[in-house]
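Some notes on the structure that comes next.
Nothing in this text is a laboratory measurement; each read-out follows from the coordinates by a stated rule. What you see is a predicted model; the values in this text were computed from it and never measured. So basically every Cβ, Gly included, is an ideal-geometry build from the backbone, and we count neighbours across all protein chains shown.
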Amino acid sequence: MKFDNSAYESKMKKTVEVMESEFDTIRVGRASARVLDKITVPYYGTPTPIEGVATVKSPDPRTLVIQPWETSMLKEIEKAIAASDLGISPQNDGKVIRLPFPPLTEERRKEFTKKTAKMGEEAKVAIRNLRRDANDDIKKQKKDGILTEDDQKSAEKAVQDLTDRYCKLVEEKVAKKDKEIMEL
């Protein structure tokens, strides 16, 4: 019998996807509504994403305009953005909130590349943990007599190849994001 590692492969793929979605929250000098994804505001006692209480538009490459559906949410949204780690001061004109994205300084760009490297390392740790789980599963199946010695060796090699492939993919994605961040 052969070991099925497709469940572990889909988990590794999901790990990379999660890392990429976290990358979207890092601003790179251009206005993107994705930087607001992790920011929530209290809406009738429930933490709600900004997109759940307002319309977010980008009239130009360096500005986001947030128009709440209820004007009472203006102050809450402004407070939540100010308290976040975006590093942008919201401008409230009584109707909408404007978020001007200044060009990133060299120092800020380096901070962001450190942040992407950390996210990449966390993703690789998660992938290696999945490898460990798969190898434990393989050893259990060998012990239970489901797999032979040869099946165990080939399954462990297949899992290692899968791990190497996804770790390399993570490194490529981190390098791509770093290049995007360091562009002027």
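For the stretch 1-61, what is the Kirkwood estimate of the hydrodynamic radius, computed as the reciprocal of the mean inverse distance between distinct Cα atoms, to one decimal in Å?
When all Cα pairs of the stretch 1-61 are included, the Kirkwood radius is 14.5 Å.
In degrees between 0 and 90, to the nearest 10, how far off the longest principal axis of the chain does helix 6-23 point, with axes built from Cα atoms?
Rounded to the nearest ten degrees, it is 20.
Amide H of Leu64: which non-local residues (sequence gap of 5 or more, or other chain) have their own amide H closer than 5 Å, using H built in the peptide plane?
The list, which skips near neighbours in sequence, is Leu99, Phe101.
For the stretch 68-164, run through the GluC sites (Glu not before Pro) and keep only the ones in DSSP coil with at most 16 other Cβ atoms within 10 Å of their Cβ.
Counting only loop positions with at most 16 other Cβ atoms within 10 Å, the GluC sites (Glu not before Pro) in the stretch 68-164 are Glu70.
Taking the Cα centre of the stretch 129-184 as origin and charging only Cβ (+1 Lys, Arg; -1 Asp, Glu), how large is the dipole, in debye to the nearest 20?
Values: 14 positive and 15 negative charges, 16 e Å.
Rounded to the nearest 20 debye, it is 80 debye.
Taking the C-alpha atoms of the stretch 46-184, how large are the radius of gyration and the largest Cα-Cα span, Dmax, in Å?
Expressed in Å, the Cα Rg and Dmax of the stretch 46-184 come to 23.4, 71.
Would you mind working out the magnitude of the charge dipole of the stretch 48-147 relative to its Cα centre, with +1 at each Lys and Arg C-beta and -1 at each Asp and Glu C-beta, to the nearest 20 Debye?
Dipole size: approximately 580 debye.
Report the one residue of Phe112, Tyr44, Pro68 whose Cα lies farthest in the direction of the positive end of the charge dipole of the chain (charges on C-beta: Lys and Arg +1, Asp and Glu -1; origin at the Cα centre).
Phe112
Whole-Hz ³J(HN,Hα) for each residue in the stretch 128-144, computed from phi via Karplus 6.51 cos²θ - 1.76 cosθ + 1.60 with θ = phi - 60°, x for glycine and proline: what do you get?
3J(HN,Hα) across the stretch 128-144, in whole Hz: 5, 5, 5, 4, 4, 4, 5, 5, 4, 5, 4, 5, 5, 5, 5, 5, 7.
In debye, nearest 20, what is the charge dipole magnitude of the chain about its Cα centre with +1 on Lys and Arg Cβ and -1 on Asp and Glu Cβ, if you could check?
In debye, rounded to 20, the chain gives about 240.
Kindly provide log₁₀ I(q)/I(0) values, in the same order as q = 0.16, 0.29 Å⁻¹, from the Debye equation applied to equal alpha-carbon scatterers of the stretch 126-171.
Here log10 of I(q) over I(0) equals -0.43, -0.98.
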